[in-house]
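Student: Okay, handing you the structure first.
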Amino acid sequence: MDRREFLRQISLWSAGITLGVPGFRITGEAVAAERPEAVVSQATGKDYVALVTKVLDPLGGMGKFVRPGDKVVIKPNIGWDRNPEQAANTHPLIVKTLVEQALAAGAGEIKVFDRTCNEERRCYVNSGIKDALDRIKDKKVTYFHPDPRKFIPVDIKRGKAVSRLEIYKDALEADTYINVPIAKHHGLSRLTMGIKNSMGVLGGRRGNMHHDLGQKLADLATVIRPKLTVIDATRILLRNGPQGGDLDDVKVLDTLIASADPVAADAYTTTLFDLIPEDIESTVAAYKMGLGEMNLDAIRIISA
């Protein structure tokens, strides 16, 4: 798929110049050509600001992923009216530090958002992410609640279980999309990790995704393709996800996982829950579509 042509279609549809729904088609050969090396960096430490640098260094640092002037989207999980200790949302310090590093790498603008499940204002406040981002005094950084008018219908040409989704315009237009989920239990998908976290850029009735969820998430992943996935496992939710609430369900690991390969990042993260990549349908579906590597023996894992 010619990205420039896809963005042109989005622009025309947004301006009301055409009723033709933008279509995203990427060939298997193109996916293979763009597929990053299956390298996963994992780091542990209690200083979460230093931990971000520590986990990104083996991958080349933030400058490897953000070019000067880039439009950057950083997509954490802010879906729940929970505090950081309850491990339902991405840790605010991880989000803030990634934003600061993207600024330092020369990002032209940075947008942070999530389509929440609970009341949006309470999610942003109680997650601690609003307060963390308010501390960054830079006009290049904005965080917001998604505007319903900015969801764009996109025909998913390679989709096997879903053929059209409404996707947030900013996520489609980003030069660099950084996915920052928290690793946690999920009642439907078994775990939430990177591929599942991208559901937060979807509009419409997301409940329609629940049947054959793993394949539909993989279909979405053919369009939303992060340059960098950073999985927050500083605390993981072992049970009663995705919302949680009981601190007895939380395990503190003080760990971050990062990779340019979203499937490899998810595959390695399953091991934190004493699972294997084959246990997660979205990981298997994405692997079968050629979107990344799930075989742990084929992934180079670096302990930073």
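Student: Being free of Cβ contacts under 8 Å to residues at least 24 places away in the same chain and not in a helix (DSSP H, G or I) is the filter here, so list the residues in the range 255-283 that pass it. I'd like the intermediate steps shown before the answer.
Tutor: The first filter runs over the range 255-283 and keeps only residues free of Cβ contacts under 8 Å to residues at least 24 places away in the same chain, leaving 274, 276-278.
Selection gives D274, I276.
Student: Spot the failing condition for I94; the list is (1) in a helix (DSSP H, G or I); (2) open to solvent by 30 Å² or more (accessible area, probe 1.4 Å); (3) in contact (Cβ under 8 Å) with a residue 40 or more places away in the chain, and only one is missed.
Tutor: The single condition I94 does not satisfy is (2).
Student: While we're here: Which count do you get for residues in the range 175-192 that are in a loop (DSSP other than H, G, I, E, B) and under 13 Å from the mean Cα position of the chain (by Cα)? Walk me through how you get there before you give the answer.
Tutor: So in the range 175-192, the residues in a loop (DSSP other than H, G, I, E, B) come out as 175, 181, 187-189.
From the residues that got through so far, the ones that are under 13 Å from the mean Cα position of the chain (by Cα) too are 181.
Looking only at that region, the number is 1.
Student: If the Cβ limit is 6 Å and pairs must be 6+ apart or interchain, which residue in the range 124-135 that is at negative phi pairs with which residue that is open to solvent by 20 Å² or more (accessible area, probe 1.4 Å) and of a type outside the set (F, W, Y)?
Tutor: Y124/K130; N126/D81; N126/N83; A132/K96
Student: Something else: Find all pairs meeting these conditions: Cβ atoms under 8 angstrom apart; at least six residues apart or on different chains; first residue within the range 109-123 and open to solvent by 80 Å² or more (accessible area, probe 1.4 Å); second residue part of a loop (DSSP other than H, G, I, E, B) and among the charged types (D, E, K, R).
Tutor: Matching pairs, first to second residue: E119/D81; R122/D81.
Student: Only residues that are touching a Ser or Thr at 6+ places or on another chain (Cβ under 7 Å), surrounded by 24 or more Cβ atoms within 10 Å (Cβ to Cβ) and assigned to a loop (DSSP other than H, G, I, E, B): list them for the range 212-240, please.
Tutor: I224
Student: Checking G244 against (1) surrounded by fewer than 19 Cβ atoms within 10 Å (Cβ to Cβ); (2) farther than 19 Å from N179 by Cα: exactly one of these is not met. Which one?
Tutor: For G244, the failing item is (1).
Student: If we only count helices (runs of 4 or more DSSP H) wholly inside the range 1-63, which ones have 2 or more residues that are surrounded by 14 or more Cβ atoms within 10 Å (Cβ to Cβ), in contact (Cβ under 8 Å) with a residue 40 or more places away in the chain and not basic (K, R)? If you could, list the steps in order and put the result at the bottom.
Tutor: Numbers: elements: 3-14, 28-34, 48-56.
Hits in the range 1-63: 3-14, 48-56.
Student: Criterion first (surrounded by 24 or more Cβ atoms within 10 Å (Cβ to Cβ) and farther than 16 Å from Y124 by Cα) does V72 satisfy it?
Tutor: Values: surrounded by 24 or more Cβ atoms within 10 Å (Cβ to Cβ): yes; farther than 16 Å from Y124 by Cα: yes.
When the stated conditions are applied, V72 passes them.
Student: Does at least one position in the range 273-296 carry a residue that is hydroxyl-bearing (S, T, Y), at pLDDT 95 or above, more than 21 Å from L51 (Cα to Cα) and more than 15 Å from the chain's Cα centre (by Cα)?
Tutor: Pass one, the range 273-296, residues hydroxyl-bearing (S, T, Y): 282-283, 287.
After this cut, where a residue has to be at pLDDT 95 or above as well, the list is 282-283, 287.
Subsequent filtering for residues that are more than 21 Å from L51 (Cα to Cα) retains 282-283, 287.
Checking which are more than 15 Å from the chain's Cα centre (by Cα) leaves us with 287.
Taking every residue of the range 273-296 in turn, at least one turns out to be hydroxyl-bearing (S, T, Y), at pLDDT 95 or above, more than 21 Å from L51 (Cα to Cα) and more than 15 Å from the chain's Cα centre (by Cα).
Student: Could you look through the range 193-210, keep only residues that are at pLDDT below 95 and not in a helix (DSSP H, G or I), and pick out the one that is surrounded by the fewest Cβ atoms within 10 Å (Cβ to Cβ)?
Tutor: The selected residue is R205.
Student: I'd like to check something: does the range 132-155 contain any residue that is surrounded by 21 or more Cβ atoms within 10 Å (Cβ to Cβ) and under 23 Å from E281 (Cβ atoms)?
Tutor: The answer is yes, given that some residue of the range 132-155 is surrounded by 21 or more Cβ atoms within 10 Å (Cβ to Cβ) and under 23 Å from E281 (Cβ atoms).
The values are calculated or read from the model by the stated rules, or taken from the named source; none is laboratory data. The structure presented is a predicted model; accordingly, all values stated were derived computationally and were not measured. Neighbour counts run over all protein chains shown; Cβ positions are idealised from the backbone, glycine included. SASA here: full protein model, heavy atoms, side chains in, ligands and nucleic acids out. Shrake-Rupley method; radii C 1.70, N 1.55, O 1.52, S 1.80 Å.
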